[in-house]
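Peer 1: Mind having a look at this structure? Questions to follow.
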Amino acid sequence: MSKLPLVFVTRQIPETGIAYLSGRARIEVWEHKEPPPYQELVAKTQNSDGLLCLLTDRIDRQLIESSPHLKVISQMAVGYDNIDIVAATEKKIPVGNTPGVLTEATADLTWALLLAAARRIPEAQKYVKDGLWKTWEPTLLLGADLTEATLGIVGLGRIGQAVARRAVGFNMRVLYYGRTRKPEIENSLGVEFRQFDSLLAESDFVTVHAPLTSETKFMFSYKQFQRMKETSIFINTSRGLLVDSEALYRALCERQIAYAALDVTVPEPLTSQSKLLSLPNLIIVPHIGSASYKTRSKMALMAAVNLIAGLNQERLPNCVNPDVYN
Ligand code: DGY
């Protein structure tokens, strides 16, 4: 009987993923809380037939080219900007990801942040915990209204659309900007297309749902924040590098915009010394967009299914570089 292929899983993942891999592969899991250091990742991958990785792992050309047995890379995330896709495609290594299953959870978190920023929930909680709550006050902790406000969505992919659907309950006007217009979705969701600058100028809330590419990197810089309303609220649950953090810091200090909430930052993790943490009008959470029990279980299973398909020389159910099959 031939030996099962060896896979390296770069962190502990939900049981659904491990259960699927068991009996189909020999599994080596990186048991630590922190990601494997780069050299360790290279060494482990060099001996492996398959790699199940996370967005915190740098899967670059050097790693790919120095792994002679590697047949498949399966990322447990929808985003894959940490992987050198060109290098993987050149070596005919399919790369898998986990789209779809995390759409709703990420849209939920976007709304959680939007509501928390609009109604200043972290400030209000601190106020109570600090013992400052003495009476009901007519002008205490006033925030922004959502009802009938304008929501600007940058990137109307799966997550952007799920965010738009949730806006219906708040009776909001929804604008979107994206590389391509989507007339069918405009009709079905009742959203209106705007050029980027117009969307920034018209929106009360701006939320970004674009992948990180060379075109989207730093698409929010000081100029963009200047175009936004002084009362506006900015949300980012996509990738930190879409935003120039220094520009965001300045815009929030100068009140070019009123408030921001981020699930993603540069760097990740932020150090406790980051000056962003000193801002009273900025909420930051630690990249938890997809962090619901069901979603992470589905992501782990989907990543495992992609991995085994690749090891069996079958087409990956979710492949980001289908050119490998040409
Ligand atoms: C992703 O999948 O790309 C998210 O950032 C983490 O779930």
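The values are calculated or read from the model by the stated rules, or taken from the named source; none is laboratory data. Here the structure is a predicted model, which means the values were calculated and not measured. In this analysis, Cβ positions are derived from the backbone assuming ideal geometry, glycine residues included, and neighbour counts consider all displayed protein chains.
Peer 1: Taking Ala247 as the residue in question, decide whether it is under 20 Å from Ala117 (Cβ atoms) and either over 22 Å from the mean Cα position of the chain (by Cα) or not β-branched (Val, Ile, Thr) (or both).
Peer 2: Here the answer is yes, as Ala247 does meet what is asked.
Peer 1: Same structure again: What are the residues in the stretch 285-304 that are of a type in the set (A, V, I, L, M, F, W, C) and surrounded by 20 or more Cβ atoms within 10 Å (Cβ to Cβ), if any?
Peer 2: Met299, Ala300, Leu301, Met302, Ala303, Ala304 - these are the residues of the stretch 285-304 that are of a type in the set (A, V, I, L, M, F, W, C) and surrounded by 20 or more Cβ atoms within 10 Å (Cβ to Cβ).
Peer 1: What tally of residues in the stretch 166-223 results from selecting those that are charged (D, E, K, R), assigned to a helix (DSSP H, G or I) and either closer than 18 Å to Tyr259 by Cα or not assigned by TED's automatic domain parsing to the domain that holds Gly240 (or both)?
Peer 2: Selection size over the stretch 166-223: 2.
Let's see how each residue does on (1) surrounded by fewer than 18 Cβ atoms within 10 Å (Cβ to Cβ); (2) within 16 Å of the ligand (Cβ to nearest atom); (3) assigned to a helix (DSSP H, G or I); (4) not assigned by TED's automatic domain parsing to the domain that holds Ala87:
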{"position": "Gln226", "(1), (2), (3), (4)": "yes, no, yes, yes"}
{"position": "Lys229", "(1), (2), (3), (4)": "yes, no, no, yes"}
{"position": "Leu252", "(1), (2), (3), (4)": "no, no, yes, yes"}
{"position": "Ala261", "(1), (2), (3), (4)": "no, yes, no, yes"}
{"position": "Glu268", "(1), (2), (3), (4)": "yes, yes, no, yes"}
{"position": "Ser272", "(1), (2), (3), (4)": "yes, no, no, yes"}
{"position": "Ile308", "(1), (2), (3), (4)": "no, no, yes, no"}
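Peer 1: Continuing with the same structure: Scan the helices (runs of 4 or more DSSP H) fully inside the stretch 59-125 and keep the ones with 2 or more residues being at pLDDT 95 or above and within 16 Å of the ligand (Cβ to nearest atom).
Peer 2: Of the helices (runs of 4 or more DSSP H) lying wholly inside the stretch 59-125, those with at least 2 residues that are at pLDDT 95 or above and within 16 Å of the ligand (Cβ to nearest atom) span 103-118.
Peer 1: Related question: Name every residue in the stretch 274-288 that is within 16 Å of the ligand (Cβ to nearest atom) and part of a loop (DSSP other than H, G, I, E, B), in order of residue number.
Peer 2: Val285, Pro286, His287, Ile288, listed by residue number.
Peer 1: Residue by residue through the stretch 231-247, note down the ones that are within 16 Å of the ligand (Cβ to nearest atom) and part of a loop (DSSP other than H, G, I, E, B).
Peer 2: Once the filter is applied, which keeps residues that are within 16 Å of the ligand (Cβ to nearest atom) and part of a loop (DSSP other than H, G, I, E, B), the stretch 231-247 yields Thr237, Ser238, Arg239.
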